[in-house]
Amino acid sequence: YTCKDCKKTKTETINALAHDYSNNWTIDKAATCQEEGSKSHHCTRCDDKKDVSVIPKLNHNWDSGVETTKATCTQSGVKTYTCKNCATTKTETIKALGHDYSNDWTIDKAATCTQEGSKSHHCTRCDDKKDVTTIPKTDHHFDSGVITTQATCTKDGVKIYTCKDCKKTKTETINALA
């Protein structure tokens, strides 16, 4: 206090008010997927805190994932998930698909009159084959023939046939006319 006339002062002690803590929690640090957070009750008059408590880490918020490596018939693939909050990733194995063979035969090599062929069931996703089977050689496809020597009354004639595919020939005797 200060005297208005003589300006003499007098001091008196005022008791401390004590803290007045709020009943509501204040988030001091928000929890994330990677770090714990904290909360406390704050004094309404100063920066003091009480009841400081840990807020547990949050669970990751995974997206629906992206197929980063496609699975094949024989190789596993990979699906990658990303947390929408912190960008952390995790992966999951995609099981190999296995072969999916067609029920229809595929001619791998056509048979000819000179060579055997082959057929098999092919996988619908890759080049794998199963049930590879030999196709026997075909018969020659002879033309209608050409008479190279006419038959006479006393001598046999000759007719030559040629395979349309391999050009092999066969000869046929034409009996004498008598």
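The values are calculated or read from the model by the stated rules, or taken from the named source; none is laboratory data. Note that the structure is predicted; figures quoted are calculated from it, not measured. Cβ: placed from backbone, ideal geometry, glycine included. Neighbour counts: every protein chain shown. The area values use the complete protein model at the heavy-atom level, side chains included, leaving out ligands, DNA and RNA. Shrake-Rupley method; radii C 1.70, N 1.55, O 1.52, S 1.80 Å.
If you check 110, 96, 87 for being touching a strand residue (DSSP E or B) at 6+ places or on another chain (Cβ under 6 Å) and either among the β-branched types (Val, Ile, Thr) or loosely packed, with under 15 Cβ neighbours inside 10 Å (or both), only one passes: 110. Candidates 73, 83: the one that is within 30 Å of residue 97 (Cβ to Cβ), touching a residue at least 12 places away in the same chain (Cβ under 8 Å) and touching a Gly at 6+ places or on another chain (Cβ under 7 Å) is 73. The numbered conditions (1) surrounded by fewer than 11 Cβ atoms within 10 Å (Cβ to Cβ); (2) at pLDDT 95 or above; (3) hydroxyl-bearing (Ser, Thr, Tyr) are all true for residue 76 except (1).
Taking region 115-163 as the search range and keeping residues that are more than 30 Å from residue 176 (Cα to Cα) and out of contact with any strand residue (DSSP E or B) (no Cβ under 9 Å at 6 or more places or on another chain), which one is least open to solvent (accessible area, probe 1.4 Å)? Selected residue: 126. When every residue of region 55-69 is checked against the conditions, none turns out to be open to solvent by 90 Å² or more (accessible area, probe 1.4 Å) and either closer than 30 Å to residue 132 by Cβ or β-branched (Val, Ile, Thr) (or both).
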